[in-house]
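Since the structure comes first, as C-alpha cells, the remarks are kept for the end.
What follows draws every value from the coordinates through simple rules; no lab data is involved. Owing to the predicted nature of the structure, the values given are computational and were not obtained by experimental measurement. Glycine gets a Cβ as well: all are built from the backbone with ideal geometry, and neighbour counts include every protein chain shown.
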Amino acid sequence: ILNVEQSPQSLHVQEGDSTNFTCSFPSSNFYALHWYRWETAKSPEALFVMTLNGDEKKKGRISATLNTKEGYSYLYIKGSQPEDSATYLCAFPTGTYKYIFGTGTRLKVLA
Amino acid sequence: DVKVTQSSRYLVKRTGEKVFLECVQDMDHENMFWYRQDPGLGLRLIYFSYDVKMKEKGDIPEGYSVSREKKERFSLILESASTNQTSMYLCASSPIAGGYNEQFFGPGTRLTVL
C-alpha cells in the first residue's frame, strides 16, 4: 500500500522564526511531488511541483527540496509571518489521474 | 483570475436525502475531480472525469455518483445521504492528464448529514 506521510502534524512558531516540515513518499515509480497551501476558508493552492532529484524551488520566503532516492521532500519557511498560517499538503501522483495526499502539516504563526 | 467554484460552502441534509454538489471551473480544463477530506486522513479521490460524459471511479466511490454534461461543470451526487458521508468535499480541475500538472481546487463544501 502506497503511503505519503507528513510530519509534524501541527506546529506553532513565533513570528520571525524559520521552520520546516517533511513529506515522505514512496521512492519507486516517481513522477512528481506537489506541495499545496490550504488556508482556512480558502481553496488549496499549488506552491510547487517538484520533478527532479535534487530540485530546489523557491517562492518568496518559502522553498522546497526534493530527494527522490530516499523519498522525501522538505518545505522551508524563512522568517514566518502570521499570513503563513495554513495547512501544507503534499501530494504524490500514482498515475495519470490519481494522487495520494498526505494528511498535512498545520502551521500556526503567532504574532 | 482563474476559478473553481462550488455551489455551497456549508450544507446540512437529512439521512436518505438525495444531495447534489456542484462544481464549475472557468479554465477550460479537461480533467475534474471530487475529493473528500476527513480528520486524520489525506484527501481521498471519489470520482474523476477526463472529458465530457466520461467518468472513472476513484478510491472511495461507494455511495456516490457523478455527472459531467458540460466541460465546465462536474456534479457529485449522493443518492441517499448517510451520516458517514458527513465530510468536507473538494472539487478540483487540471488542464492536462499526468502527474506533473497541478490541480486547481474549489473552496470546499462542508456537508453535514443528520
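Are there trypsin sites (Lys or Arg not before Pro) in region A:13-84 that DSSP marks as loop and that have at most 12 other Cβ atoms within 10 Å, and which are they? Don't skip to the end; give the middle numbers.
Numbers: sites: A:Arg37, A:Lys42, A:Lys57, A:Lys58, A:Lys59, A:Arg61, A:Lys69, A:Lys78; in loops: A:Lys42, A:Arg61, A:Lys69, A:Lys78.
Qualifying residues, ordered by number: A:Lys42, A:Lys69.
At 0.36 nm per residue, minus the direct Cα-Cα distance, what do B:Met88 and B:Tyr10 gain on full extension? Give it in nm, one decimal, please. Walk me through the numbers before you get to the answer.
On the way: separation 78, 0.36 × 78 = 28.08 nm, distance 0.91 nm.
That works out to 27.2 nm of additional length.
Jot down the radius of gyration and Dmax of the protein assembly as shown, Cα atoms only, both in angstrom.
Rg, Dmax (Cα atoms, Å): 17.5, 51.
In region B:46-114, what trypsin sites (Lys or Arg not before Pro) fall in a loop by DSSP, with at most 12 other Cβ atoms inside 10 Å?
Values: sites: B:Lys53, B:Lys55, B:Lys57, B:Arg68, B:Lys70, B:Lys71, B:Arg73, B:Arg110; in loops: B:Lys53, B:Lys71.
Of the trypsin sites (Lys or Arg not before Pro), the ones in loops of region B:46-114 whose Cβ has at most 12 other Cβ atoms within 10 Å are B:Lys53.
What number do you get for chain A when its Cα radius of gyration is normalised by 2.2 N^0.38 Å, N = residues? Walk me through the numbers before you get to the answer.
Working: Rg = 13.4 Å, N = 111, 2.2 N^0.38 = 13.2 Å.
In units of the 2.2 N^0.38 Å rule of thumb, it is 1.02.
Quick one: compute the contact order of chain A, relative version, from alpha carbon pairs under 8 angstrom and 6+ residues apart, as a percent. Mind showing how you got there, number by number?
On the way: 273 pairs, mean separation 40.9, N = 111.
Relative contact order here is 37 percent.
Averaged across B:93-105, how many Cβ atoms of other chains sit within 10 Å of each residue's Cβ atom? Display every interim value, and only then the final one.
Values: counts 0, 1, 0, 1, 3, 6, 17, 6, 5, 11, 7, 4, 7.
What the average comes to for B:93-105 is 5.
Counting only other chains, what is the mean number of Cβ atoms within 10 angstrom of the Cβ of each residue in peptide B:47-57?
For this peptide, the per-residue mean of nearby foreign Cβ atoms is 1.
In chain A, what is the count of Lys pairs whose alpha carbons are under 27 Å apart, counting only pairs at least 8 residues apart or on separate chains?
Here the count comes out as 21.
Residue by residue through A:33-44, how many Cβ atoms from other chains fall within 10 Å of the Cβ on average? Please list the in-between numbers first.
Working: counts 1, 5, 1, 4, 0, 6, 0, 0, 3, 3, 12, 12.
Mean partner shielding for this stretch: 4.
Checking the cross-link filter: which aspartates and glutamates have an alpha carbon closer than 15 Å to that of B:Lys70, excluding same-chain neighbours under 8 positions apart?
B:Glu22, B:Asp26, B:Asp28, B:Glu30, B:Asp51
Let me see the P(r) profile for region A:9-71: every Cα-Cα distance counted, bins of 5 Å, each bin given as a percent of all pairs.
Over region A:9-71, the share of Cα pairs per 5 Å bin runs 4, 14, 23, 23, 20, 10, 5, 1 percent.
Loop only by DSSP, 12 or fewer other Cβ within 10 Å of the Cβ. Give me the GluC sites (Glu not before Pro) in region A:45-94 that pass, ordered by residue number.
Working: sites: A:Glu45, A:Glu56, A:Glu70, A:Glu83; in loops: A:Glu70.
Listed in order of number, the matching sites are A:Glu70.
Which value in nm describes the separation of the simple spin-label points at A:Lys69 and A:Asn20, placed 7 Å from the Cα toward the beta carbon?
A separation of 1.8 nm, rounded to one decimal place.
Quick one: what are the phi-derived ³J(HN,Hα) couplings along region A:59-74, Karplus 6.51/-1.76/1.60 with θ = phi - 60°, whole Hz, x for glycine and proline?
9, x, 8, 9, 9, 9, 10, 9, 10, 7, 6, 9, x, 8, 9, 10
Please check which bits of region B:1-31 a label hung off B:Glu69 would reach, taking the label as a point 7 Å along Cα-to-C-beta and the cut-off as backbone N under 17 Å.
B:7, B:19-25
Would you kindly derive the ³J(HN,Hα) couplings of region A:33-38 from the backbone phi angles with the Karplus curve 6.51 cos²θ - 1.76 cosθ + 1.60 (θ = phi - 60°), listing them in order in whole Hz, with x for Gly and Pro?
Values per residue, Gly and Pro as x: 9, 10, 10, 10, 10, 10 Hz.
Can you work out the FRET efficiency for the pair A:Glu83 and B:Val52, with r the C-beta to C-beta distance and R0 = 30 Å, to the nearest 0.05?
Working: r = 39 Å, r/R0 = 1.29.
Using R0 = 30 Å, I get an efficiency of 0.20.
Past the 22 angstrom mark, what percentage of all C-alpha to C-alpha distances in chain B do you count?
Working: 1631 of 6441 pairs.
When every Cα pair of chain B is considered, 25 percent fall beyond 22 Å.
Report, in debye and to the nearest 20, how large the dipole of region A:1-96 comes out about its Cα centre when Lys and Arg carry +1 and Asp and Glu carry -1 on their Cβ.
On the way: 8 positive and 10 negative charges, 44 e Å.
That gives a dipole near 220 debye.
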